[in-house]
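The values are calculated or read from the model by the stated rules, or taken from the named source; none is laboratory data. Note that the structure is a prediction, hence the values are computed from the model and not measured. Neighbour counts run over all protein chains shown; Cβ positions are idealised from the backbone, glycine included.
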Amino acid sequence: MNMNLKEKIRVIDGFPKEGISFKDITTLLNDKDAYRHAVDLMVEDLKDKNVTAIAAPEARGFLFGSAVAYALGIRFIPVRKPGKLPGEVSDYSYDLEYGTDKLEVHKDAIQQGDRIAIVDDLLATGGTVNAVAKLVEKNGGEIAAMEFVIELTELGGREKNKNYYINTLVEYEV
């Protein structure tokens, strides 16, 4: 199937504030063929990379990451904000433009030598996915790939993560 996924993504100018052009994936998710196509493209890109698990940050990463893990027949690792996981966690703190943030994963979710693909909806500045990668590596995993539905090309996310393989399905200049 050949489908233009960019046509399936609604752009809303001025959301969540003036000057922002929001890329709304809910319209893609609401089109069963487009959603399947996006997942299938990621699966196709990952199928020969010996990936043992998919890690995805909340919340929109879950929408694609769990579907990709299911299609590949591998584990899914949710990466959450602090206080959301009930078991013993490993965390990673990272800098934001103003302040810091933290991500957590269950300590038993990543095994030494795991080859993990990170799946998320959007690559912008690359800070969140870089923090997920560092968290995976801190726990003995290796990053096999980073997969995104959308890349905002001018925000530097690819450059910040230049040591990792990155695949995006749709690109926007901002």
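Laid out as a table, the results:
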quantity	calculated
Number of the exception - residue 15 against (1) surrounded by 13 or more Cβ atoms within 10 Å (Cβ to Cβ); (2) at pLDDT below 95	(1)
Residue match in the range 82-89 (condition: outside any loop (DSSP other than H, G, I, E, B), in contact (Cβ under 8 Å) with a residue 24 or more places away in the chain and not acidic (Asp, Glu))	no
Looking only at the range 152-166, and only at residues there that are part of a loop (DSSP other than H, G, I, E, B) and touching a Gly at 6+ places or on another chain (Cβ under 8 Å), the one that is modelled with the lowest pLDDT	156
Selection within the range 42-64 - assigned to a loop (DSSP other than H, G, I, E, B) and among the acidic types (Asp, Glu)	48, 58
Single residue of 127, 99 found to be farther than 25 Å from residue 48 by Cβ, out of contact with any strand residue (DSSP E or B) (no Cβ under 9 Å at 6 or more places or on another chain) and modelled with pLDDT under 95	99
Count - residues of the range 9-41 that are without any contact (Cβ under 8 Å) to a residue 60 or more places away in the chain and assigned to a helix (DSSP H, G or I)	11
Breaking point among (1) basic (Lys, Arg); (2) within 30 Å of residue 138 (Cβ to Cβ); (3) out of contact with any strand residue (DSSP E or B) (no Cβ under 6 Å at 6 or more places or on another chain), for residue 36	(2)
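Quick grid of which residues meet (1) at pLDDT 95 or above; (2) among the polar types (S, T, N, Q); (3) surrounded by fewer than 14 Cβ atoms within 10 Å (Cβ to Cβ):
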{"residue": "7", "(1), (2), (3)": "yes, no, yes"}
{"residue": "26", "(1), (2), (3)": "yes, yes, yes"}
{"residue": "38", "(1), (2), (3)": "yes, no, no"}
{"residue": "43", "(1), (2), (3)": "yes, no, no"}
{"residue": "74", "(1), (2), (3)": "yes, no, no"}
